[in-house]
Amino acid sequence: LCIETATEVCSVALGNRHKLIVEDNINRKNSHTETLTIQIENILKKARISYQDLNGVALSGGPGSYTGLRVGSSVAKGICYAWDIPLVAVDTLYGLGVGVSDQVGPGQIIIPMIDARRMEVYTAHYDHQMNELKSVYNVILEEGVFNNLGAERALICGNGALKCEGIDVGIDIDIIPTTCKAANLIVKSYELLKEGKIEDIAYFNPNYHKAPNVTKSKKNILG
């Protein structure tokens, strides 16, 4: 069972080794709390399996929306605890990159981006085989931000990709504003399970990367 809630998309998928069995994706902002458990129940019914048939739960582990990651983490940990199922976490940016990896070749790099307010994004760099070249970091998009990457061209994807339009980032780019999908976690999560890279349910927290953006009330508090 794969769970993706790091952005505005609430996505779940069931996989068998490297194969997608069934998925459900809802692209509606702030829907995670009300739809995630219902989506999971629906795909289990479609696949005609129950929770005890699962041999692992994979979570998109961030970075991304604080609220979305918290909801996904809580549900994933609850399932794992209740049914004694191992939990693995896949970087959200890695999942985004997987979704476009068939569209790049040698000499090109993949730069997935997640919106992080204004002109800032969370990003990482991968080669055409999804080997990590640079781990997750946040950056403000501006002229020449990707100078000296040592690549011929970059494919930029994710919900932060369109911020690059009209900016000379220092490298030739193609932009694909893709969305996160739980199905993109299937292959990596199976590999993590095989390698025994299991998260400790009691202590696991998503990679929020930055503190949540909390708006303080302007009202005077009496008391």
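No value in this document is a laboratory result; all are computed from the given coordinates. Bear in mind the structure is a predicted one, so any value in this text is a computation, not a measurement. All Cβ positions, glycine included, derive from the backbone under ideal geometry; neighbour counts span all protein chains shown.
Relative to its Kirkwood radius, the Cα radius of gyration of the range 100-176 gives an Rg/Rh of 0.92. Mean-square fluctuations from a GNM of the chain, with a 10 angstrom spring cutoff on Cα atoms, peak among I109, I38, I198 at I38. In sequence order, the range 74-89 has phi-based couplings of 4, 5, 4, 5, x, 5, 5, 5, 5, 10, 6, 10, x, 10, 10, 10 Hz under the Karplus curve 6.51 cos²θ - 1.76 cosθ + 1.60, θ = phi - 60°, and Gly or Pro positions carry x. Pairs with C-alpha atoms separated by more than 23 Å, drawn from the list K19/K181; K19/K45; K19/K194; K29/K188; K163/K210, are K29/K188. Each label was represented as a point 7 Å from its Cα along the Cα-to-Cβ direction; for T67 and I38 these points are 1.7 nm apart.
Simple rule: put +1 on each Lys or Arg Cβ and -1 on each Asp or Glu Cβ in the chain, find the dipole, and look at H32, S11, I176; the Cα lying farthest toward the positive end is H32.
Place a +1 charge on the Cβ of each Lys and Arg in the range 100-176 and a -1 charge on the Cβ of each Asp and Glu, then give the dipole magnitude about the Cα centre in debye, rounded to the nearest 20.
The calculated dipole for the range 100-176 is roughly 220 debye.
Spread over its residues, the convex hull of the C-alpha atoms of the chain is 147 Å³ per residue. Look at where the Cα atoms of the range 128-185 and of the range 1-62 average out, and the two centres are 26 Å apart.
Note that the range 161-177 has calculated 3J(HN,Hα) couplings of 5, 5, 5, 7, 5, x, 10, 7, 7, x, 8, 5, 10, 10, 10, 10, x Hz, one per residue in order, obtained from phi through the Karplus relation 6.51 cos²θ - 1.76 cosθ + 1.60 (θ = phi - 60°); glycine and proline are x.
Give me the Debye-computed log₁₀ of I(q)/I(0) at q = 0.23 Å⁻¹ for the range 46-111, equal point scatterers on Cα only, no solvent, two decimals. Values returned for q = 0.23 Å⁻¹ are -0.97.
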